[in-house]
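Input: a single structure, listed below in structure tokens.
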Amino acid sequence: MEPRSISRKGFLKSSSVLLAAGTGILQAPAAIGAQQSRSVKADRSYTLKNVRLETGFGYDEDGEVVYTKTELFNIEIHDGKIKAILPNKADANAIDAKGLLMLPAFRDMHIHLDKTFYGLPWKAKLAKNRTVKDMIAYEQQIIPELLKTSVPRTEKLIELMQSYGTNYARSHVNIDPTSGLNSLKNLQKALENKKESFQAELVAFPQHGINYTKSEDLMKEAAKMDIDFIGGLDPTSIDGAIEKHMDFIVQLALDNNKGIDIHLHESGDPGMKTIHYLIDKVIENPVLKGKTFISHSFALAQLDKVKIEETAEKLANAKVGIASTIPFGGTIMPIPVLYKHGVDVVAGNDCIIDWWSTFGTGSILQKANLAAQLYGYRTEFDLSRILKLATHNVLPLDDKGNRSWPKAGDQADVVLIDASCSAEAVSRISPVKSLIHRGKIVF
Ligand SMILES: [Zn+2]
């Protein structure tokens, strides 16, 4: 885009050095980090010209949205914020966005930045690791070795996500007796190294159970270590008691003024009991409203039509959100019903090349695309709406087609993407050509 910033090609190339280097992984990142922070330390104040923004919907005679209107603008960026949105001046002394579409930067709201094989040789999931307890036993074997290189590999994982336009993540991080607090400490180191171009909120995640492997004291320590959410895991099948597990989490969140985001893979009765138990706890403690989430929540996928409507309404009233990887196959989550009732649905890649799954691409736009395919969002209007899964609900146009983003004063967290409108970006998973984080051009 401009001489002082690294090009996307250069960014991708430097990001792949680690992968190509194999065992040389510990040497590579320092050089890349320096290169990247040099680039992002470029201008704090600058103007972008020829920036395409959505300005409205075009309707046919039946009132259907049939296209999205766009215009070119000059965007002034100052001190990490969008200072002004002005009519385009093609001859301005400004960075040329060349007509690319500006969208809000993407947010991955469920990922494990601390846990990945990324940067190591390819390895598929093992058939013998069938249950969560099998996975816990496997993690107990492999985590000590992985921790030795987790800082540079997490940084590479962040760069992969950035290359797809993500500048923000909610990352779960293992708090367990095997890694102690080292998974958290290493993740915090990697995030510190990337703080100029990426931000994350952290969930202290008792991946090996709270009682199953005696993680209470570690969780209490972690809660004091600059994290944002208290996590949890399958209270019935791992810890054998919903109340004990959930009461601990809720109290820890309340005592430390944190949110809650639990992993709940459990289906059927145990899963639904935990969902209702948590809803009740949040209603008892309204301070938790809006900052309590259930990740996966597969039990919702098995409910009949009446029950899912009832549960969605309860979740919405308690302001309990659902974090989903948009699974398909046997488990189709009822996301359209959750949306209908106003539940905060967030999406994430969850695993990117790890021992749980190897299918996470790092692109959250791809998750919006997957949701569009799964739930039949095919029209210009529907495709434009489901972009919210990639941006955590920030959309350029409101439902009536009024421009609602960007506004002067908004944080300058944007992507420039090779698409004519949001609908095309979702449908085609269009390539992200530039990422700007807090006004800093990452590439
Ligand atoms: Zn997860």
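The values are calculated or read from the model by the stated rules, or taken from the named source; none is laboratory data. Just so it is clear, the structure is predicted and the values come from calculations on it, not from any experiment. Cβ placement follows ideal geometry from the backbone for every residue including glycine, while neighbour counts extend to all protein chains displayed.
In table form, for the structure just shown:
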read-out	value
Residue check for residue 211: away from the ligand (no atom under 14 Å from the Cβ) and crowded, with 16+ Cβ neighbours inside 10 Å	yes
Condition check for residue 178: assigned to a loop (DSSP other than H, G, I, E, B), touching a strand residue (DSSP E or B) at 6+ places or on another chain (Cβ under 9 Å), over 23 Å from residue 9 (Cα atoms) and away from the ligand (no atom under 15 Å from the Cβ)	no
Lone unmet requirement of (1) under 30 Å from residue 119 (Cβ atoms); (2) crowded, with 22+ Cβ neighbours inside 10 Å; (3) out of contact with any Asp or Glu (no Cβ under 6 Å at 6 or more places or on another chain) for residue 386	(1)
Pairs with Cβ under 9 Å, 6+ apart, first in segment 127-145 and free of Cβ contacts under 8 Å to residues at least 40 places away in the same chain, second assigned to a loop (DSSP other than H, G, I, E, B) and of a type in the set (A, V, I, L, M)	134/126
Where a residue in segment 295-307 is under 19 Å from residue 261 (Cβ atoms) and its partner, wherever it lies, is within 16 Å of the ligand (Cβ to nearest atom) and part of a helix (DSSP H, G or I), with Cβ under 7 Å and at least six apart	298/271; 299/271
Filtered residues of segment 243-258 (kept if buried (at least 19 other Cβ atoms within 10 Å of the Cβ) and more than 16 Å from the ligand (Cβ to nearest atom))	245, 246, 248, 250, 252, 253, 258
Filter pass, residue 339 being buried (at least 18 other Cβ atoms within 10 Å of the Cβ), closer than 29 Å to residue 250 by Cβ and away from the ligand (no atom under 15 Å from the Cβ)	yes
Selection status of residue 422, under 29 Å from residue 329 (Cβ atoms) and crowded, with 24+ Cβ neighbours inside 10 Å	yes
Residues of segment 100-140 classified as in contact with a helix residue (DSSP H, G or I) (Cβ under 9 Å, 6 or more places away or on another chain) and either away from the ligand (no atom under 16 Å from the Cβ) or of a type in the set (S, T, N, Q) (or both), total	12
Cβ pairs under 8 Å, 6+ apart, first in segment 49-72 and more than 14 Å from residue 422 (Cα to Cα), second among the β-branched types (Val, Ile, Thr) and not in a strand (DSSP E or B)	64/379
Meets criteria (touching a Ser or Thr at 6+ places or on another chain (Cβ under 6 Å), crowded, with 19+ Cβ neighbours inside 10 Å, among the hydrophobic types (A, V, I, L, M, F, W, C) and closer than 24 Å to residue 347 by Cβ) for residue 191	no
Of all residues in segment 133-175 being part of a loop (DSSP other than H, G, I, E, B) and surrounded by fewer than 24 Cβ atoms within 10 Å (Cβ to Cβ), the one that is nearest to the chain's Cα centre (by Cα)	164
Matching residues, segment 230-239, being more than 20 Å from residue 140 (Cα to Cα) and surrounded by fewer than 24 Cβ atoms within 10 Å (Cβ to Cβ)	236
Pairs, first within 23 Å of residue 426 (Cβ to Cβ) in segment 149-175, second within 16 Å of the ligand (Cβ to nearest atom) and among the small types (Gly, Ala, Ser), C-beta under 6 Å, six or more apart	160/362; 161/362; 164/362; 169/200
Answer residue from segment 318-336, given it is within 16 Å of the ligand (Cβ to nearest atom) and farther than 30 Å from residue 147 by Cα and is surrounded by the fewest Cβ atoms within 10 Å (Cβ to Cβ) among those	331
Pair list, Cβ < 6 Å and 6+ apart or interchain, from segment 347-367 residues that are under 13 Å from residue 160 (Cα atoms) and of a type in the set (Val, Ile, Thr) to residues that are within 12 Å of the ligand (Cβ to nearest atom) and at pLDDT 95 or above	364/108
Selected residue [within 14 Å of the ligand (Cβ to nearest atom), surrounded by 15 or more Cβ atoms within 10 Å (Cβ to Cβ), under 30 Å from residue 136 (Cβ atoms) and among the charged types (D, E, K, R)] from 344, 350	350
Segment 62-84: number of residues that are in a loop (DSSP other than H, G, I, E, B) and loosely packed, with under 14 Cβ neighbours inside 10 Å	4
Sole residue being loosely packed, with under 14 Cβ neighbours inside 10 Å and either within 16 Å of the ligand (Cβ to nearest atom) or among the charged types (D, E, K, R) (or both), chosen from 217, 261	217
Extreme residue, farthest from residue 370 (Cα to Cα), among residues of segment 389-419 that are within 19 Å of the chain's Cα centre (by Cα) and surrounded by fewer than 22 Cβ atoms within 10 Å (Cβ to Cβ)	411
Selection status of residue 214, out of contact with any strand residue (DSSP E or B) (no Cβ under 9 Å at 6 or more places or on another chain) and either within 27 Å of residue 392 (Cα to Cα) or outside any loop (DSSP other than H, G, I, E, B) (or both)	no
